[in-house]
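The structure appears below as structure tokens.
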Amino acid sequence: MAQSAAEKSGINTALGVPPKTEDFVKEAATSDMYEIESSKLAVERGDQAIKSFAEQMVADHTKTSSELKQMLTSSKVKAELPTAMTDDQVEAINELKSMQGAGFTKEYLSQQEDAHEDAVDLFARYGSEGDNPELKAWAEKTRPALQHHLEMVEGMNK
């Protein structure tokens, strides 16, 4: 499932243009997959503060994945659910798998900050002007939790 060129290049973000429904679903779903996978590694490899944050990421992103799947299976949203992360996300996970200790923690938090900045932007753009009312409402409802995740990781990154 290909992403539109404008969304993939970042031009939509720069212009504040909402993603197409298919792009939003793809990005939200693969972002959840990445969050869950990277945070499972952090539960294994992080100190107590990292483990606590990572456990919350696994729980929260598992919940949003489930909610998104429900909307797609109920036929309220017409889009295909991706079955795998993007190549960049797989590369980021592989980088984390090769690390331990303080290096792992620093890289995990850096990746989490970037991922949540992107997610907050994506959900804000779709929540304000998305073309599917059901998905738009869900994006608006979900964005504050993503913003909270971003604020948490920014605090941990200081």
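Derived scalar couplings between HN and Hα for the range 24-40 equal 4, 4, 4, 5, 5, 5, 5, 5, 4, 4, 5, 4, 5, 5, 5, 6, 4 Hz in order, rounded to whole Hz, by the Karplus curve 6.51 cos²θ - 1.76 cosθ + 1.60 (θ = phi - 60°), x for Gly and Pro.
With N counted as the residues of the range 70-113, its alpha-carbon radius of gyration over 2.2 N^0.38 Å works out to 1.70. Coupling constants for the range 61-70 follow from the phi torsions by the Karplus curve (6.51 cos²θ - 1.76 cosθ + 1.60, θ = phi - 60°), and in residue order they are 6, 5, 5, 5, 4, 5, 4, 5, 4, 4 Hz; glycine and proline get x.
Holding the Cα-Cα limit at 30 Å, pick out from Lys63/Lys97; Lys69/Lys97; Lys51/Lys76; Lys76/Lys158 the pairs that are longer than that. Lys51/Lys76; Lys76/Lys158, as the Cα separations exceed 30 Å there. Extending 7 Å from Cα along the Cβ direction at Val43 and again at Lys76 yields two label points whose distance is 2.8 nm.
The relative contact order of the chain comes to 28 percent, based on Cα pairs under 8 Å that sit 6 or more residues apart. Solvent exposure of the chain amounts to 52 Å² per residue of accessible area, where only protein heavy atoms count and the probe is 1.4 Å. Under the shape rule built on the C-alpha gyration tensor, where the axes satisfy a ≥ b ≥ c, the range 65-158 is oblate, since a/c reaches at least 1.5 while a/b does not exceed b/c.
Coupling constants for the range 93-98 follow from the phi torsions by the Karplus curve (6.51 cos²θ - 1.76 cosθ + 1.60, θ = phi - 60°), and in residue order they are 4, 4, 4, 5, 4, 8 Hz; glycine and proline get x. From helices alone, the chain scores -27000 deg cm²/dmol at 222 nm; the rule is -39500 (n - 2.57) for each run of n ≥ 4 DSSP H residues, then divide by the residue total. Taking 7 Å steps out from each Cα toward its Cβ at Met156 and Thr62 produces label points 1.7 nm apart. How much of the accessible area of the chain, probe 1.4 Å, is carbon plus sulfur, in whole percent? Within the chain, the accessible surface is 51 percent carbon and sulfur. Over all pairs of different C-alpha atoms in the chain, the reciprocal of the mean inverse distance, the Kirkwood hydrodynamic radius, equals 15.9 Å.
The values are calculated or read from the model by the stated rules, or taken from the named source; none is laboratory data. Since the model is a prediction, treat every value here as computed from it, not as a measurement. Methodologically, a virtual Cβ is constructed for each residue, glycine included, from the backbone with ideal geometry; neighbour enumeration extends over all protein chains shown. For the accessible areas, the whole protein counts, side chains as well, though only heavy atoms, and no ligand, DNA or RNA atoms are used. Shrake-Rupley method; radii C 1.70, N 1.55, O 1.52, S 1.80 Å.
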